[in-house]
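Here the structure comes first, spelled out in structure tokens, and everything after it is commentary.
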Amino acid sequence: MEKFTPTFWLQRPIHWSLVFSLTSLLASCGSNNIPIGPTSLNSRYTEEQPALSGNGRFLAFVSNRNGNQQLLVFDVERQLFISTPGINRAETIAESPSLSYTGRYIAYLTSDQGRPVVALYDRATQQSQIVTPTYRGWVRKPNISPDGRYVVFETASRGQWDIEVLDRGPNIELDIPNGATVGSPP
């Protein structure tokens, strides 16, 4: 007759390096390591429609923080949010951001009297203006050129989606070509 000897799982040979590797992997994937809060890029709310400036320094996106949809601009280099007074107005939605090369200009979609319009925000002057006030049809998906002179978007003024190119003119102040950012010391 064979003798039965009970063995516990701790008595079995275990590859401890594998156990420690898996444990550290699970611990590093925890949500506690993601910076979350009002001053960090990530939050517990929906963040969508990211747009990166041409130089890679600024990120604009739409967030549902503070219980309302808003367009936010984040300085990737300094890891902080940039103040953009005038973009997020009460009872309007700002979405579909696009940034010029250094992030001076932000083209985005907003509403005017219940219709979507393309607006342009200048971070140097902290002013926003509607650049498509006369379009009869719907507009969507604005995009700005790196120098800030041209704004392209889709319009349905002819009953189908077409592409429009808006030239802001030769006399506008172009985005700074040497890579200096708005508000940087001379």
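The values are calculated or read from the model by the stated rules, or taken from the named source; none is laboratory data. For clarity, every value in this text was computed on a predicted model and none was experimentally measured. As a convention, Cβ positions derive from the backbone with ideal geometry for all residues, glycine included, and neighbour counts pool all protein chains shown. For accessibility, only protein heavy atoms count, side chains too; no ligands or nucleic acids. Shrake-Rupley method; radii C 1.70, N 1.55, O 1.52, S 1.80 Å.
Does the range 132-149 contain at least one residue that is polar (S, T, N, Q), modelled with pLDDT under 95, within 14 Å of Arg168 (Cβ to Cβ) and out of contact with any Leu (no Cβ under 6 Å at 6 or more places or on another chain)? Taking every residue of the range 132-149 in turn, at least one turns out to be polar (S, T, N, Q), modelled with pLDDT under 95, within 14 Å of Arg168 (Cβ to Cβ) and out of contact with any Leu (no Cβ under 6 Å at 6 or more places or on another chain). Residues in the range 115-167 that are β-branched (Val, Ile, Thr), without any contact (Cβ under 8 Å) to a residue 24 or more places away in the chain and closer than 22 Å to Glu91 by Cα: Val117, Ile130, Thr134. Among the residues of the range 50-62, those that are in contact with a Leu (Cβ under 8 Å, 6 or more places away or on another chain) and open to solvent by less than 50 Å² (accessible area, probe 1.4 Å) comprise Ala51, Ser53, Phe58, Leu59, Ala60, Phe61, Val62. For residues that are modelled with pLDDT of 55 or more, loosely packed, with under 11 Cβ neighbours inside 10 Å and not in a loop (DSSP other than H, G, I, E, B), tally how many sit in the range 13-47. Counting residues in the range 13-47 that are modelled with pLDDT of 55 or more, loosely packed, with under 11 Cβ neighbours inside 10 Å and not in a loop (DSSP other than H, G, I, E, B) gives 1. Restricting attention to the range 136-149, and to residues there that are assigned to a loop (DSSP other than H, G, I, E, B) and open to solvent by 60 Å² or more (accessible area, probe 1.4 Å), which single residue is farthest from Ser53 (Cα to Cα)? Of everything passing the filter in the range 136-149, Arg136 is farthest from Ser53 (Cα to Cα).
Condition test on Ile106, is it in a loop (DSSP other than H, G, I, E, B) and either in contact with a strand residue (DSSP E or B) (Cβ under 6 Å, 6 or more places away or on another chain) or surrounded by 18 or more Cβ atoms within 10 Å (Cβ to Cβ) (or both)? Judged against the criteria, Ile106 is not a match. Scanning the range 90-103 for residues that are of a type in the set (Ser, Thr, Tyr) and in contact with a strand residue (DSSP E or B) (Cβ under 7 Å, 6 or more places away or on another chain) yields Thr92, Ser96, Ser98, Ser100.
Of note, Ser128 satisfies the criterion of being modelled with pLDDT under 95, in a strand (DSSP E or B), open to solvent by less than 90 Å² (accessible area, probe 1.4 Å) and in contact with a Gly (Cβ under 8 Å, 6 or more places away or on another chain).
Residues that are open to solvent by less than 50 Å² (accessible area, probe 1.4 Å) and over 15 Å from the mean Cα position of the chain (by Cα) within the range 63-102 comprise Gly86, Thr92, listed in sequence order.
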